[in-house]
Each structure stands twice: as structure tokens, then as C-alpha cells.
Amino acid sequence: MKICILGSGSSGNSIYIAVDGFSFLIDAGLSGSDLRRRLTSIGSSLSDIRAILISHEHHDHIRGLAVLCKKHAVPIYANRLTAAAIMEKGVPAQFLRFFKTGRDFPLGPVTVRPFPVPHDASDPVGFVVSEGDCRAGIATDLGCAPGDLAETLRGCRALVVESNHDRDLLNNGTRPLALKERIRGDRGHLSNETAAELLAGVASDDLRDIFLAHLSEECNRPEMARMSTERALRGAGFGHIAVRLTYADRVSDVVEYSPERSEACVVGEGMPCGEIVIADDN
């Protein structure tokens with residue numbers, strides 16, 4: 001299983017996953033040209049994409065859907081309420097395939113479990129993607145961490161979880177009060193502190209990589225988000241887990257898990273595509 005966060009933040013979100021030659025996206029919130037360029041940078045292309053899973057209908061998660069539908073006829077998977085919302089925004093119905101939140105469904109060589117998350121959208125979901133015993137969990141837009149979320153994400157090899165804002169930077173910033181209240185509400189976005197607490201509670205010996213997603217440019221700092229999670233992981237006895245950042249303007253590290261071994265291969269940030277190093281699990 002290969003994972004790369006193509007872009008993450010209020011300007012656009014998209015996650016690339018490939019298993020046994022089957023490539024798909026979770027969300028397509030980047031423009032068609034951005035998706036094309038970023039996929040090319042990791043050795044893939046738009047023509048390789050076989051499906052798109054949609055977490056919810058906000059513009060920063062669906063911006064590129066029209067291009068992918070009309071130019072590449074890519075099927076789009078969503079629950080019915082989300083599908084209805086994106087059809088209202090111009091996505092043609094013939095490309096839609098429906099899943100039921102909470103029920104596993106097959107997608108090529110993987111199994112996908114969509115699970116509910118608290119966010120201010122029609123019927124927002126996160127996903128757990130499984131290839132055998134290799135699982136990746138994605139929860140990138142949620143205002144709080146319900147009690148059953150940790151159980152859903154526990155046992156994953158990789159997690160993509162939002163660490164949106166620092167509470168002090170948000171509270172002391174210049175944004176309108178109504179926006180601040182939306183962000184810090186139970187259907188808004190996770191703070192660094194809440195994300196770190198969730199991740200420390202989810203961590204296990206199986207977990208190898210955490211991608212911190214949806215970092216606010218105004219109300220967060222990458223080093224603050226990473227430090228909060230790393231500190232919490234060390235306190236819980238899981239200092240072996242790599243904490244990786246995601247970016248609005250470029251792709252993240254590319255992590256690939258081989259079923260024959262427990263360690264991950266990583267195309268390091270800033271390294272030429274295709275140059276692989278073995279991540280140290282110790």
C-alpha cells in the first residue's frame with residue numbers, strides 16, 4: 001500500500017492511495033492542473049486514478065471532481081446525502097456510486113470502511129482502507145473525537161488525522177468570532193492538543209506513520225503541531241512512530257508498506273521521485 005497526501009489545508013485536500021496497481025483518491029479538492037502536476041511528481045497520473053472517495057461536500061474536498069468526471073470518467077463514491085450535495089454543485093449523477101456509512105465495501109484490491117465523523121457537512125465520514133492486515137485510517141475534518149473513534153482507528157499501520165489549530169493562536173487571532181466558534185466547536189476542526197490526545201490513545205505497536213493534516217496557515221505552526229503529537233506519543237510509550245507533516249502547496253512524503261515486511265519504504269521529502277529509503281522503525 002502506497003500513501004501520499006497530495007495537498008491538505010483550507011485551499012484543497014486530496015489523498016493518493018495505490019495498491020497492486022490500483023490507484024484512487026480520497027477527496028479531490030485541488031484543481032485539475034494541481035492534481036495532474038502533483039500526481040506526476042510522485043510517478044503517477046490522472047489517467048491512473050480508478051476511483052475517488054468523497055468524505056464530504058465542502059469545496060476544499062471536491063474542487064477537482066468536475067475535471068476528473070468529464071475528462072477521465074472516474075467513478076465517485078459517496079454516501080447518499082453527500083452525493084446529493086455534490087450533485088447540487090454540478091457533479092453529474094452518472095459518475096456516482098453509493099456506499100453506506102458504517103458498512104464495509106470492496107474497492108479493487110482493498111476493503112473500505114466509511115465511518116461517521118462530527119463535522120458541519122451533510123453526512124461527513126472518515127475512512128479505514130484495508131489490504132489484508134495493512135490498514136490506513138483517514139479522519140481529516142472533525143470537531144471532536146467521539147468515544148468510538150479511537151477503536152475505529154486502532155491497529156492501523158498509517159493514520160492521516162487533522163491537527164488544525166493551536167488554541168491560543170486561534171483565540172487570539174483576527175478571525176471573526178463566529179468563525180472561531182465554528183472552528184473550535186464539536187463539528188469544526190481538531191486542535192493540536194485534541195489531535196495529540198486522540199493519537200496517543202490510538203497508538204499501538206502496529207502504527208508506523210502519522211500524517212498531520214489540515215494545518216491552518218493562520219492559526220497553527222507546523223512545528224507546534226508536530227511537537228504536540230510527538231510529545232504525547234512519547235508520553236504514551238510510542239516514540240517509534242514517525243510524525244509527518246502535510247502541506248497546502250506540495251505533496252507529503254510517500255510511504256509504501258510491503259506485505260512481506262513490517263517496515264515502510266519512504267520517498268523522502270525533497271528527494272527525487274523513485275528514490276526509496278527504508279524507514280527506521282526503532
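Values in this text are rule-based calculations from the coordinates and carry no lab data. Since the model is a prediction, treat every value here as computed from it, not as a measurement. No Cβ is skipped: glycine too gets one built from the backbone with ideal geometry, and neighbour counts run over all protein chains shown.
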Mean separation of Cα pairs under 8 Å and 6+ residues apart, divided by the residue count of the range 47-181: what relative contact order is that in percent?
16
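If contacts are Cα pairs under 8 angstrom and at least 6 residues apart, what is the relative contact order of the range 27-100 in percent?
32
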Which entry in (1) 6, 25, 31, 21, 10, 4, 2, 1, 0; (2) 6, 28, 35, 22, 7, 1, 0; (3) 7, 31, 39, 20, 3, 0 is this structure's computed P(r) over Cα pairs in 10 Å bins from 0, in percent?
(3)
Find the centroid of the Cα atoms in the range 1-53 and in the range 103-162, then give the distance between the two in whole Å.
18
Protection-proxy order for peptides 10-16, 238-244, 25-31, each taking the mean of Cβ atoms within 10 Å per residue, highest first
25-31, 10-16, 238-244
Run the reach check for Lys70 against lysines, Cα to Cα strictly under 16 Å, same-chain hits fewer than 8 apart removed. What comes back?
Lys89
Taking amide H positions as placed 1.01 Å from N in the peptide plane, with prolines and chain starts having none, which residues 5 or more places from Leu190, or on another chain, fall under 5 Å of its amide H?
Leu142, Asn164
On a straight-distance basis, which aspartates and glutamates could pair with Lys100 in a cross-link, Cα separation under 13 angstrom, same-chain partners fewer than 8 positions away excluded?
Asp123
Quick one: which residues, 5+ away or cross-chain, put their amide H under 5 Å from the amide H of Gly7? H built at 1.01 Å from N.
Ser14
Which whole-Hz ³J(HN,Hα) couplings does the range 57-64 yield from phi under the Karplus relation 6.51 cos²θ - 1.76 cosθ + 1.60, θ = phi - 60°, glycine and proline marked x?
8, 4, 4, 6, 10, 10, 3, x
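First select every other residue whose beta carbon is under 11 angstrom from the beta carbon of Arg182; then total the charges, Lys and Arg +1, Asp and Glu -1. Could the numbers behind the result be given before it?
On the way: positive: Arg175, Lys180, Arg184, Arg187; negative: Asp120, Glu181, Asp186.
Residues close to Arg182 contribute a combined charge of +1.
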Most positive-pole-ward Cα, Cys134, Ala248, Val160, against dipole of the chain from beta carbon charges
Ala248
Modelled label-to-label distance, Met87 and Asp205, 7 Å Cα→beta-carbon offset: nm?
4.9
Quickly work out the Asn172-to-Arg231 label distance, labels modelled 7 Å from Cα along the C-beta direction, and quote it in nm with one decimal.
1.5
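What percent do you get for the relative contact order of the chain when only Cα pairs under 8 Å and 6+ apart count?
It rounds to 17 percent for the chain.
Taking the Cα centre of the range 2-278 as origin, sum charge times position over the Cβ atoms of Lys and Arg (+1) and Asp and Glu (-1), and report the length of that vector in debye to the nearest 20.
Values: 31 positive and 36 negative charges, 142 e Å.
My answer is approximately 680 debye.
If exposed GluC sites (Glu not before Pro) are those in a DSSP loop with at most 12 other Cβ within 10 Å, what is the longest stretch of the chain that has none?
Numbers: sites that count: Glu217, Glu218, Glu260, Glu275.
Answer - 1-216.
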Residue order, fewest to most beta carbons within 10 Å, for Thr82, Thr140, Thr194, Thr101
Thr101, Thr194, Thr82, Thr140
